[in-house]
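Worksheet for the structure shown next.
Derivation of every value follows stated rules applied to the coordinates shown; laboratory data play no part. Source: prediction; values computed, not measured. Note: ideal-geometry Cβ built from the backbone for every residue, glycine included; neighbour counts use all protein chains shown.
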Amino acid sequence: MKRTFILLTSLLVLSCNQNTKTNENENLETKSNTKTKTEMTENLDWLTGNWKRLNEEAGKETFENWEKISPSEYSGIGFTIQKGDTISQEKMDIIETNGKWTLFVKMPNDKEATKFEMTELKNNEFVCVNDSIDFPKKIKYWTDGEKIKAKISNEEMEIPFEFSRIK
């Protein structure tokens, strides 16, 4: 009887201890996943603000304004002005869904936004791709000191952008 009691008590203690370890591991995994998503989200905060293109053609001024809507959404607008008139404009959204980031770009005359899948996300840099359209197939943004650089490209052509923050 005494042995049975000791055996049952030992089994109970071991099973409780194992359950605690399992819960600790699950909590660590959850914290790790949350940290990764948070780090990725914070990784895009460098994009926020109002920017003016430095390498624009003479007589034109191009701007991009980005804001953080939520931890999983950034919204931007890009526009070019010539002789006081807006000659081009685009609405941009970067949205995270189920751990994947996507860039949506919509021009005023487009019925739907063009979707670019984010294929790279590093510290202060990202690359988005859409191989189903002619141009651009690839959009890349990155920081260079206090500036933001961007490049839109396909296999035959690329257009560089360099922006400085408007203070």
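A few remarks follow.
- Sorted by Cβ density within 10 Å, fewest first, the residues Val129, Val105: Val129, Val105
- Cross-link pairs Lys68/Lys106; Lys100/Lys149; Lys83/Lys137; Lys52/Lys138; Lys122/Lys147; Lys115/Lys167 - those with Cα-Cα distance over 27 Å: Lys83/Lys137; Lys115/Lys167
- Debye equation applied to the C-alpha atoms of the range 102-167, log10 I(q)/I(0) at 0.18, 0.22, 0.23 Å⁻¹: -0.73, -1.00, -1.06
- For q = 0.14, 0.20, 0.21, 0.22 Å⁻¹, Debye-computed log10 I/I(0) when each Cα of the range 45-165 counts as one equal scatterer: -0.59, -1.29, -1.43, -1.57
- Placing R0 at 22 angstrom, the Cβ-Cβ distance between Lys68 and Gln89 gives a FRET efficiency of 0.60 after rounding to 0.05.
- The stretch between Asp45 and Ser164, if pulled fully straight at 0.36 nm per residue, gains 41.3 nm over its current Cα-Cα span.
- In plain terms, the bigger the Kirkwood radius, the slower the diffusion; for the range 63-126, with that radius from Cα pairs, at 4 °C and 1.567 mPa s, Stokes-Einstein puts D at 100 µm²/s.
- Contact order normalised by residue count of the range 45-165, Cα under 8 Å, 6+ apart, percent: 18 percent
- Net lengthening on full extension, Asn98/Met157 (0.36 nm per residue, minus Cα-Cα): 18.0 nm
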